[in-house]
Amino acid sequence: MKPVFTCLYYLENPEYCIMEIKRTDLTEDADISEIFRWLILDKKTKQIQSLTFRSMDSSGEVQERFFEQGYLKFNDQSATYIEKFNSAQHQLDNHVPAILPTQIQDIVTAYLLS
């Protein structure tokens, strides 16, 4: 079976994975917000939440993404995700290249196809 997505960014700590994916199973006329998605996976519960993308910024080595649910700042090595209203901060490692472990690929695939 052909994969339904490719991973563009893969950020991880012991509790969470945050990833940007590109859907490869959608038609050409699909909305760009459906093709490119940011997801956060709670490793303990195996629950995925889709992050609602608002805007981005890039300055040299630092990337920033603004979501309805929070803010993500990352470089080639590490990342910080701050939940909305500063309710929690998460330090993550940036995996380059963005290759997901098989178990996480399977969880994301099941989420996308449900």
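The values are calculated or read from the model by the stated rules, or taken from the named source; none is laboratory data. Just so it is clear, the structure is predicted and the values come from calculations on it, not from any experiment. So basically every Cβ, Gly included, is an ideal-geometry build from the backbone, and we count neighbours across all protein chains shown.
Here are the numbers for this structure:
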quantity: Test: residue in the range 103-113 that is on the phi < 0 side of the Ramachandran plot and part of a loop (DSSP other than H, G, I, E, B); calculated: no
quantity: Some residue of the range 78-93 being more than 21 Å from PRO14 (Cα to Cα) and under 14 Å from the mean Cα position of the chain (by Cα); calculated: no
quantity: Total residues in the range 1-47, condition over 16 Å from ILE107 (Cα atoms), among the aromatic types (Phe, Trp, Tyr) and touching a Lys or Arg at 6+ places or on another chain (Cβ under 6 Å); calculated: 1
quantity: Pairs, first more than 15 Å from CYS7 (Cβ to Cβ) and of a type outside the set (Lys, Arg) in the range 33-57, second exposed (fewer than 11 other Cβ atoms within 10 Å of the Cβ) and modelled with pLDDT of 95 or more, C-beta under 8 Å, six or more apart; calculated: THR52/GLU68
quantity: Unique residue being within 10 Å of the chain's Cα centre (by Cα) and hydrophobic (A, V, I, L, M, F, W, C) when the list is PHE53, PHE36; calculated: PHE36
